[in-house]
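Sharing a structure here in structure tokens format.
The values are calculated or read from the model by the stated rules, or taken from the named source; none is laboratory data. Computed from a prediction, not measured in an experiment: that's the story for all the values here. Using ideal geometry, Cβ is built from the backbone for each residue, glycine included, and neighbour counts are taken over all protein chains shown. Only protein heavy atoms, including side chains, enter the accessible area calculation; ligands, DNA and RNA are left aside. Shrake-Rupley method; radii C 1.70, N 1.55, O 1.52, S 1.80 Å.
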Amino acid sequence: MKLYELFGKGRTVFSCEIFPPKKTSPVDSIYRTLDGLKDVRPDFISVTFGAGGSDMVNQSTQEIAGIIQNQYGIPSMAHLTCVGAGREDVDRTLAQLKADGVDNVLALRGDVNPDYPPKTDFAHAGDLIAYIRARSDIGVSAACYPEGHPESPDLVEDIRHLREKVDAGAQHLVSQLFFDNEDFYRFLERCRIAGIDVPIEAGIMPVLSAGSIRRMVSLCGASLPRKLTRLLARYGDHPQAMREAGIAYAIDQIADLIASGVDGIHLYTMNNPGVCRQIADSISSIRTL
Ligand code: FAD
């Protein structure tokens, strides 16, 4: 099933993101994550692609996307970055995904990893999207940034390039994490003005520890609203309290987004199905309204 078909059915789509476990993790750890997520009944699960490629992980992104689709019966989406991939690499990945029955990719540029020199076939995600759409019928999604991509000079330029990705064939967008819903609503407004009319899912990451969120924010440039910095200041040194406050914050964000009619919620699970289930249970009636 193509993911864009999930939208426009009168209910909020709820999806999860996981990453392939590192080589140092037990080989069955992906099954533990997926066993925990299956009861949550996400509409789809996406699998990230690490900058180190398959060398760093137990199972590749494509393998895991195939397991989700075939063994768990849940639609899956494989992230596919082009910064380290040429046309032949992309062709090989698409063939493998097709063989595994995976119907969707999140087409990304990715970030340059100093240990892996970039390839030059695709300068931006838009080039990758156009390439995939020209030779495959796989569903294509793309990333978007409510507060702007860190490399963009301004939001206007960023939205212009986002529109190019949609014109190139992206059928669905998933947002970078954000902590202030007002940033997301302003972004949606700009998208609609720019004529971007594909479904846009809101990316939500529960704050489970002060350290992890500071690292994440420094990487992706998301801003921390005062409501959240107050929680970090009060509970940051108390792991269990921080976890409870972070989960409550994510639930509050999600309830407000659903009330506002958001197309979908994409939960960054950090391979933590317990947290995902706690959040899903807390919004079960809200989700199905
Ligand atoms: P692009 O869309 O190419 O944009 C990158 C920058 O270039 C932006 O500033 C944009 O405005 C600009 N730009 C775009 N097109 C043009 C153009 N034609 N001319 C000039 N400038 C242009 N990274 C991973 O390594 N693996 C993952 O699995 C992964 N998953 C992600 C999932 C989501 C939902 C999100 C939001 C991000 C994810 N990332 C992942 C991070 C992502 O790879 C980085 O943010 C990367 O820097 C940009 O990728 P992109 O596809 O958005 O790039």
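Note the per residue figure in Å³ for the convex hull of the C-alpha positions in the range 45-98.
72 Å³
Another question, then. Tally the DSSP beta bridges in the range 12-284 and give the antiparallel ones as a percent, rounded to 5.
Within the range 12-284, antiparallel bridges account for around 5 percent of the total.
When the solvent-accessible surface of protein heavy atoms is calculated with a 1.4 angstrom probe, in what order do Glu164, Glu147 fall, highest first?
Heavy-atom accessible area, descending, gives Glu164, Glu147.
Pairs of Cα atoms under 8 Å, at least six residues apart: use those to get the relative contact order of the range 12-284, whole percent.
Value for the range 12-284: 20 percent.
Right, another one. Rg and Dmax of the chain, using alpha carbons, in Å: what are they?
In Å, with Rg to one decimal and Dmax whole: 18.1, 53.
Further question on the same structure: With the other protein chains left in place, how much accessible area per residue, in square angstrom, belongs to the range 204-280 at a 1.4 angstrom probe?
47 Å²
If you average 1/r over all unlike Cα pairs in the range 98-141 and invert the result, what Kirkwood radius do you get in angstrom?
Evaluated over the range 98-141, this radius sits at 11.7 Å.
Which residues' amide hydrogens lie under 5 Å from the amide hydrogen of Asn271, considering only partners 5 or more residues apart or on another chain, with H built in the peptide plane?
Phe19
Where the convex hull is taken over the Cα atoms of the range 221-289, what is its projected area averaged over directions, in nm²?
5.5 nm²
Sorted by average packing, counted as other Cβ atoms within 10 angstrom per residue and highest first, what order do 112-120, 208-216 take?
Going from most to least packed, we get 208-216, 112-120.
Another one. For the range 36-80, what's the relative contact order in percent, using C-alpha pairs closer than 8 Å and at least 6 residues apart?
Over the range 36-80, the number comes to 50 percent.
A further question follows. Averaged over all directions, how much area does the convex hull of the C-alpha atoms of the range 13-144 cover when projected, in nm²?
The directionally averaged projection comes out at 8.0 nm².
If you don't mind, there's one more thing I want to ask. Roughly how many percent of the accessible protein surface of the chain is carbon and sulfur, given a 1.4 Å probe and a whole-percent answer?
The nonpolar share, carbon plus sulfur, comes to 51 percent.
In whole angstrom, note down how far apart the Cα centers of the range 142-215 and the range 33-68 are.
Here the answer is 23 Å between Cα centres.
Return the calculated 222 nm mean residue ellipticity for the chain, to the nearest 500 deg cm²/dmol, obtained by summing -39500 (n - 2.57) across DSSP H runs with n ≥ 4 and dividing by the residue count.
Value at 222 nm, helices only, nearest 500: -14000 deg cm²/dmol.
Asp252 versus Arg226, label points 7 Å from Cα toward the beta carbon: distance in nm?
Inter-label distance under the simple model: 1.4 nm.
Plugging the Kirkwood radius over Cα pairs into Stokes-Einstein for the range 73-193, at a temperature of 20 °C and a viscosity of 1.002 mPa s, what D comes out in µm²/s?
141 µm²/s
Looking at the chain as a GNM with Cα springs under 10 Å, which of Lys165, Lys227, Lys22 has the largest mean-square fluctuation?
The residue that fluctuates most here is Lys227.
Given Lys98/Lys119; Lys23/Lys98; Lys9/Lys38; Lys38/Lys119; Lys23/Lys165, which pairs have Cα atoms separated by over 30 Å?
Lys38/Lys119; Lys23/Lys165
For the range 131-242, report the translational diffusion coefficient in µm²/s to the nearest whole number, using Stokes-Einstein at 25 °C, 0.890 mPa s, and a Kirkwood Rh over Cα pairs.
Estimated diffusion coefficient is 158 µm²/s.
Highest mean first, what order results for 72-82, 244-254 on Cβ atoms within 10 Å?
The peptides rank, most packed first, as 72-82, 244-254.
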